[in-house]
Every structure is written in C-alpha cells, then in structure tokens.
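Each remark here refers to the structure printed beneath this line.
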Amino acid sequence: MISKRFSEPQIYRILKENDEGASVSELIKKYKISQATFYNWKKKYKGLMISEISRLNKLEEENDKLKRMFAELSLENLSLKRILEKFEMNRY
C-alpha cells in the first residue's frame, strides 16, 4: 500500500485554508503538492468534516480488501469448476 504524505487532518486543514481565502498557488507552494493533488483532494473531500474523512478512508480500505477477497474466491471457484469438469469427463 502506498504511504500517504499527508494525513486526513492535514488535508482538511489545507482545504480549510483555501476556504478561508488562501489561494491555490500559495497552498501548492507552501505544502509542495501538485495542483492536480489539490483539486483531487477538493473533489474527494469537499464539504466533509474531519471525522467523515477518516470514516470515508476506512470504508475505502475495507472496500478494497473485500474486492481482493472476492477476486481470490472467484479464481478459486473457477479452478474448482475446471477440476470438477475434468473429473466428470474421465469418469464416463
């Protein structure tokens, strides 16, 4: 997993600075982030409180974990079906 340079509270504070009047170019220089990163954060976290941001990230992590589990189980299921088909063909 990729380690994040900024925590949720830090991202929240950066976005709050922008809401309070700091320009995007100032924030980009101050925190050494790209413009794309800033606008991605703004799109993702717009209107959320700090507790909601943490909850959102936990839910995204859980969702990723469940997707990986589903993919693994799907592959396992497919493999078992193929083995069963071969076994049934050899039985007759």
Requested in this report: Inspect the range 30-42 for any residue being under 16 Å from the mean Cα position of the chain (by Cα) and charged (D, E, K, R) and give the result as yes or no.
Outcome: yes
Query raised in the report: Filter the range 48-92 for residues that are within 27 Å of the chain's Cα centre (by Cα) and acidic (Asp, Glu); which is farthest from Tyr12 (Cα to Cα)?
Result: Glu76
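Considering each of Phe87, Phe70 in turn, give the residue that is surrounded by 10 or more Cβ atoms within 10 Å (Cβ to Cβ) and assigned to a helix (DSSP H, G or I). Talk me through it step by step, then tell me what you get.
Numbers: Phe87 fails: surrounded by 10 or more Cβ atoms within 10 Å (Cβ to Cβ).
It is Phe70.
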Report task. Just need a number here: residues in the range 1-42 that are charged (D, E, K, R), touching a helix residue (DSSP H, G or I) at 6+ places or on another chain (Cβ under 7 Å) and over 16 Å from Leu56 (Cα atoms). Result -> 1
Requested in this report: May I ask you to verify whether Ala36 is surrounded by 10 or more Cβ atoms within 10 Å (Cβ to Cβ) and of a type outside the set (Ser, Thr, Tyr)?
Outcome: no
Report task. Would you point out which residue out of Tyr45, Tyr92 is among the hydroxyl-bearing types (Ser, Thr, Tyr) and either at pLDDT 95 or above or surrounded by fewer than 10 Cβ atoms within 10 Å (Cβ to Cβ) (or both)? Result -> Tyr92
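The values are calculated or read from the model by the stated rules, or taken from the named source; none is laboratory data. Here the structure is a predicted model, which is why all the values come from computation and not from measurement. Quick reminder, even Gly has a Cβ in these numbers, built from the backbone with ideal geometry, and neighbours come from all protein chains shown.
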